[in-house]
1. At 1.4 Å probe radius, can you tell me the per residue accessible area of region 47-152 in Å²?
2. Within straight cross-link reach of Lys72, meaning Cα distance under 13 Å, which aspartates and glutamates are found once same-chain residues fewer than 8 apart are removed?
3. Would you work out which of Val106, Trp50, Thr131 lies farthest towards the positive end of the dipole of region 16-149, given +1 charges on the beta-carbon of Lys and Arg and -1 on that of Asp and Glu, about the Cα centre?
4. Carbon and sulfur together cover what percent of the accessible area of region 20-113 at a 1.4 Å probe radius?
5. Can you give me the C-alpha center-to-center distance between region 137-152 and region 80-124, rounded to a whole angstrom?
Amino acid sequence: MGFTLSAFNTERGMAKIQVIMALTLDGYLPPAGGQWMEWFRHDREGLPLWLSRCTFTLPPGYPLIDLMCELKSMSEGCTYVAEVTDAGQVELLRGLFLYRMVDELVVYLLPQLSGGGLSPLADLPRASAWTLRQSRSFGNGICRLVYRKKTE
């Protein structure tokens, strides 16, 4: 299971938050093992694609107020990344959405149904609208969807 978030500069001169996650078709974090999660974690089109673009890691429990201040002062090209793979780390995602800090959402849909578990998007605020910017399917059945938050 897992998703990642990263922050990088935008044209506004302020860092941007990007969330990368792997979900089952029914919207749950997939189990840690398995062929599709192995692909997500190790293939150059999966998690390593986003990790290769980061400058700093953001650990679970990172203070969001500190992050808000840091994002405003980041130099161009600076990137934060944090992988979220369990309930404690999902709380970080919920906080980022609560404070409307997420600008881009990258979802890897894995071709499996879990039938239950932890659904990281289930309890998030619904205020933001998202636009699909890119989609890509891979030969193993995984689809990558890149959404950006609509600007006001």
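1. I get 55 Å² per residue for this part.
2. Cross-link targets: Glu11.
3. Of Val106, Trp50, Thr131, it is Thr131.
4. 57 percent
5. Computed from Cα coordinates, the inter-centre distance equals 14 Å.
The values are calculated or read from the model by the stated rules, or taken from the named source; none is laboratory data. Since the model is a prediction, treat every value here as computed from it, not as a measurement. Methodologically, a virtual Cβ is constructed for each residue, glycine included, from the backbone with ideal geometry; neighbour enumeration extends over all protein chains shown. These area figures cover heavy atoms from the full protein model, side chains too; ligands, DNA and RNA do not enter into them. Shrake-Rupley method; radii C 1.70, N 1.55, O 1.52, S 1.80 Å.
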